[in-house]
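Read the structure below first, then the notes.
The values are calculated or read from the model by the stated rules, or taken from the named source; none is laboratory data. Owing to the predicted nature of the structure, the values given are computational and were not obtained by experimental measurement. Cβ placement follows ideal geometry from the backbone for every residue including glycine, while neighbour counts extend to all protein chains displayed. For accessibility, only protein heavy atoms count, side chains too; no ligands or nucleic acids. Shrake-Rupley method; radii C 1.70, N 1.55, O 1.52, S 1.80 Å.
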Amino acid sequence: MDKKSISSNIEQVCTYFKKIIISDLNINNTMGQTISWNNYQAGIDKAVCYQREYQKLLDNQQYSILFVDSSFIQLFYKFDDKGDLELARLAYYPHPKKMEESSEDLFDYAENASEPMQNIYLEMIDLLDDDEEIFSNNSHIRFDYDCNVKSHSKAHLQFGGINDFRITTSKIISPFIFLDSISKHFFQDWYEEASQKKTYMAAMNASKKLEFVFDEIDHFYITT
């Protein structure tokens, strides 16, 4: 895995996933040994609800790929002067989903809930009665890699802004493989058709060779 191979892999993403991408890829690979998105801003919002986090990133175009359902992906790779991978980030931000429960459902939940939870349910019922929209608690997922980190595993899977919980991984994958995994679950109709094509499967198998594999030790561990 190096900058040239990842840049080439992103070009394949543009070719094979174009039907579920809403616009041109927002990729910037002109910054030395870094592949990122234009107007890159580092950091994670930890003290805001997911809907606000999503909106800020979308409004400021903090994404590499925007999908037709307005979900998006961030791709970030940084290589050192020798061409070795130094930092990486692959993140998926789904579009916020509205809560499907009705006021009647919430009343049923409140009847058997503890007092603090009853108060929360009643507040939600008031919002629904006022025709306010309530969103579910979905959030983003991301793979992070830092070759210099000492306080935790170098590569891990994280959920939202919960920085105290990391699932150790054994590899960093290519952009094509990441999009394959996302589309398999979030764009199922498209994926069922695309994955039947020999050219798509050949590109995916070739992309597996770009995986950056290393040794990590943890009891809670992802190996594939």
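Structure data summary
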read-out: Filtered residues of segment 23-37 (kept if part of a loop (DSSP other than H, G, I, E, B), surrounded by 13 or more Cβ atoms within 10 Å (Cβ to Cβ) and not aromatic (F, W, Y)); value: L25, N26, I27, Q33
read-out: Count - residues of segment 38-54 that are polar (S, T, N, Q), outside any helix (DSSP H, G or I) and farther than 15 Å from Q74 by Cβ; value: 0
read-out: Candidates Y63, Y121 - the one that is at pLDDT 90 or above and of a type outside the set (D, E, K, R); value: Y63
read-out: Subset of segment 180-207 that is in contact with a helix residue (DSSP H, G or I) (Cβ under 6 Å, 6 or more places away or on another chain) and closer than 22 Å to R142 by Cβ - its residue that is most open to solvent (accessible area, probe 1.4 Å); value: K184
read-out: Filtered residues of segment 3-42 (kept if of a type in the set (D, E, K, R) and in contact with a Leu (Cβ under 8 Å, 6 or more places away or on another chain)); value: none
read-out: Positions within segment 124-168 being acidic (D, E) and either surrounded by 14 or more Cβ atoms within 10 Å (Cβ to Cβ) or at pLDDT 80 or above (or both), in sequence order; value: D144, D146
read-out: Which numbered condition Q41 misses (of (1) under 26 Å from D164 (Cβ atoms); (2) open to solvent by less than 30 Å² (accessible area, probe 1.4 Å)); value: (2)
read-out: Residues within segment 55-89 that are in contact with a helix residue (DSSP H, G or I) (Cβ under 7 Å, 6 or more places away or on another chain), open to solvent by 20 Å² or more (accessible area, probe 1.4 Å) and part of a strand (DSSP E or B), tallied; value: 0
read-out: Single condition M99 does not satisfy, out of (1) over 25 Å from V149 (Cβ atoms); (2) among the aliphatic types (A, V, I, L, M); (3) surrounded by 19 or more Cβ atoms within 10 Å (Cβ to Cβ); (4) modelled with pLDDT under 80; value: (3)
